[in-house]
Amino acid sequence: MASSRPFAIRRVPGFTTIAIICFALLYMPLAPLVVYSFNAGTSIALWEGFSSRWYEAAWQNDLVQEATIRSFVIATLASLFSTILATMAALGTTRTQPFPGQTAIYAMINQPLMVPEVVTAVALLIFFAIIKTATDYYGLAYLVGAHTAFCIPFAYLPIRARLEGMDLTLETAAADLYATPWNTFRRITLPLLLPGVLAGAMLAFVISLDDVIITEFVKAAGQDTLPTYMLGQLRRQMTPEVNAISTALLAISVVLVTIVFLLSRNRAK
Amino acid sequence: MNHKLIGTFAGIAMIGTAGAATAAGELNLYNWGNYTNPELLEKFEQQHGIKVTVTGYDSNDTALAKVKAGGHGFDIVVPSSSYVPIWVNEGLLLESRPDQMENFKHMDEQWVNVDWDPGRHYTVPWQWGSVGMMVDTSVYSGDINTSAIVFDPPQELIGKINVAPEMGDVMSTAIMYVGGEPCTSDKAVLKKVRDKLMEAKSNWKSMDYGVIERFAGRDLAASLYWNGAAFRTREKNADVRYGYPKEGYPLWMDSATILKDAKNVDNAKIFLNFIMEPENAALISAFARYANGIKGSEAYMPKDMLDAPEVVIPQEFLAAGRFTPTCPPEVQKMYTAIWTELQK
């Protein structure tokens, strides 16, 4: 971050070309997805005229509706819980004297990033199965819990990065003026930390919304989320309905990211 | 802060209500994704006042792993024929005796004494189909009823061939092509299979799902694939025909069955009986476009399916079709080794 000023990466020869290639590679595959969502035919690769029939089909499909609502409920709750936990974890690992075992704790918090997802999925499947049979409770809490767990590192990393970059003087000053630790946190640390928290929450939300493998293993009867519903479609017969759903999801995430961007920009002023 | 709290409580309340899922008048169906006709469920709900919740899976292994772990909450599952013996041996299924149900009289005799469930003590047919050769006859006009299409391809097809990435189906077809028995552990035969597959692979373009578009775009000219997709492809590319290899080809059948730890056993039994009604079996077929196993369902089937050679196997090719059994683990291990080498 604090690299020497005179060097500007933008002026390196070929920067624009490489940037354009990177953006094209990132976003080009999305173009046919969006285009074919408006296909009048049943094909996802042969253009047969413009129509919004697949959006109507998806809108009227009860399974899609239920799966969408379920996905959003899970993502909202999971990102909320994981952000709270991640904020606490980030405070605990940065606003403290270095203590023995700190590295081990980093590793443990970030464990979902390292362990292959399918391993976590199988472990959760077995673990939750024991609880389910013992308690006879089959609700969404298992999915919310599982999603919260693997969202924590995604929320944790931006929050910790922000905390580490933050100047300690304001917090020290607050403490000097007899602010209680809670007041310092509420009035000083949290407002300064907010962009990091927002970024963490956003990331957690998107990661939860995307998840397939763990959801597929943990879900109980009637708990298909949008991605697991779409996975089932792929194997049999794919129609542009899947494109329409994906395009709608894409639009939602673009809107979300834009809102967060505008919010954080206003705050920065 | 307050809004957040309200949101949290609302969320928790929702979780709470979603938990009470075993009341009377419910049924939890665990089926392949995009495989259950919503009209069928609507009709069932109207007739019996039982609300059906469908949850999807994408492979036999996922379904088996989930149910084996327990605490799944499902009542009915729809495994493929090759997997049914595993489900039975693991003690996961309820012996619900579909053969004693009222509508069993509609069952086609040829599906009663099947290897994987003799006498139908556990399962009711959902849909069945075959694995064969899809060929674009505008590219190759020779005999398509042979596995040579993919294993010893004619000049015209080289480089335009796809093979479904399904170990069981590809191995069975290849073994029958070199003259062996499905699930053989004969090393000499397997050596031949391995060599044939490795040699044939250089003539293939891909090993992928999703061939319909690629035949329509004339990117592919042949594929080892499932009959239902071949049928749907013909609507997009009228030159595509489906061949039944005379050396032998795999058949499969997905069957609905009740789980031992089902919570709604009575409702599940009503459902099994319900899908043996010809009109309802026809609804299943009309949706996913595969044949069912119920006599008299033809009367209610979409017209285009009745004379489709992909759906109704022509008499002369019937005998070459084989339901592939579940291979013993040690055989499975050898197949996996060949398969892994093939995928490199």
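Any read-out appearing in this document is the output of simple, stated calculations on the displayed coordinates, not a laboratory observation. Please read these numbers as outputs of a predicted model, since none were measured by experiment. Cβ atoms come from the backbone with ideal geometry, glycine included; neighbour counts cover every protein chain shown.
For the range B:257-336 versus the range B:66-143, the spacing of their alpha-carbon centroids is 6 Å.
Take the Cβ-Cβ distance between A:LEU30 and B:LYS303 as r, set R0 to 41 Å, and report the resulting FRET efficiency rounded to the nearest 0.05.
Efficiency at R0 = 41 Å is approximately 0.55.
Only helices enter the 222 nm calculation for chain A: every DSSP H run of n ≥ 4 contributes -39,500 (n - 2.57), and dividing by all residues gives -23500 deg cm²/dmol, rounded to 500.
What fraction of the DSSP beta bridges in the protein assembly as shown is antiparallel, stated in percent and rounded to the nearest 5? Don't jump to the answer; show the numbers that get you there.
Values: 25 of 42 bridges.
Roughly 60 percent of the DSSP beta bridges within the protein assembly as shown come out antiparallel.
Taking a spot 7 Å from the Cα of A:SER253 along the direction of its beta carbon, which residues of the range A:20-38 have an amide N less than 17 Å from it? Under cut-off, by backbone N: A:23-35, A:37. Residue order for A:CYS151, B:CYS327, fewest other beta carbons within 10 angstrom first, comes to B:CYS327, A:CYS151.
Averaged over the residues of peptide A:218-226, the number of Cβ atoms from other protein chains lying within 10 Å of each residue's Cβ is 6. Counted over chain B, the DSSP beta bridges are approximately 60% antiparallel. So which residue, out of A:VAL115, A:VAL12, A:VAL257, gets the largest mean-square fluctuation from a GNM of chain A using Cα contacts under 10 Å as springs? Looking only at A:VAL115, A:VAL12, A:VAL257, the biggest GNM fluctuation is shown by A:VAL12.
Quote the relative contact order of the range B:223-335 in percent (integer), defining contacts as alpha-carbon pairs under 8 Å separated by 6+ residues. It rounds to 34 percent for the range B:223-335. Cysteine residues of the protein assembly as shown whose Cβ has no partner cysteine Cβ closer than 4.7 Å: A:CYS22, A:CYS151.
Each residue of the range A:14-25 was assigned a 3J(HN,Hα) from its phi angle through the Karplus curve 6.51 cos²θ - 1.76 cosθ + 1.60 (θ = phi - 60°); the sequence is x, 4, 4, 4, 4, 4, 5, 4, 4, 5, 4, 5 Hz, with glycine and proline shown as x.
Our coupling estimate for the range B:293-298, obtained by passing each phi through the Karplus curve with A = 6.51, B = -1.76, C = 1.60 and θ = phi - 60°, is x, 10, 5, x, 6, 3 Hz, Gly and Pro reported as x.
Here the sum of -39500 (n - 2.57) over DSSP H runs of 4 or more residues, divided by the residues of chain B, equals -11000 deg cm²/dmol at 222 nm, to the nearest 500. Hey, if you put +1 on the Cβ of every Lys and Arg and -1 on every Asp and Glu Cβ in the range B:138-259, which of B:TRP226, B:VAL139, B:TYR244 ends up farthest toward the positive end of that dipole? My answer, from the dipole projection, is B:VAL139.
Using C-alpha pairs under 8 Å with a sequence gap of at least 6, the mean separation divided by the residue count of the range B:57-154 gives a relative contact order of 20 percent.
Amide H contacts under 5 Å for B:GLU26: B:LYS51, restricted to partners 5 or more places along the chain or on a different chain, H placed in the peptide plane at 1.01 Å from N. Amide H contacts under 5 Å for B:ALA291: B:TRP128, restricted to partners 5 or more places along the chain or on a different chain, H placed in the peptide plane at 1.01 Å from N.
For the range B:260-276, putting each phi into the Karplus relation 6.51 cos²θ - 1.76 cosθ + 1.60 with θ = phi - 60° gives couplings of 4, 9, 5, 8, 10, 4, 4, 5, 5, 5, 4, 5, 4, 5, 4, 7, 8 Hz, in residue order, rounded to whole numbers and with x for Gly and Pro. Highest mobility in the GNM of chain A, judged by mean-square fluctuation with C-alpha springs under 10 Å and restricted to A:ILE44, A:ILE130, A:ILE159, is found for A:ILE130. Taking Cα atoms only, the orientation of helix B:278-288 departs from the longest principal axis of chain B by about 60 degrees.
Helix B:2-19 axis versus longest C-alpha principal axis of chain B: approximately 80°, rounded to the nearest ten.
The angle between the Cα long axis of helix B:60-69 and the longest principal axis of the Cα atoms of chain B comes to about 40 degrees, rounded to the nearest 10.
Work out the length of the dipole vector of chain B about its Cα centre, built from +1 on the beta-carbon of each Lys and Arg and -1 on the beta-carbon of each Asp and Glu, and round it to the nearest 20 debye.
Working: 32 positive and 43 negative charges, 161 e Å.
Computed charge dipole of chain B: roughly 780 debye.
Each residue, A:PHE7 and A:GLN111, gets one label point 7 Å from its Cα in the Cβ direction; the gap between the two is 3.9 nm. Taking amide hydrogens as placed 1.01 Å from N in the peptide plane, the amide H of B:GLY243 sits under 5 Å from those of B:MET133, B:MET134, B:VAL135, each at least 5 positions away in sequence or on another chain.
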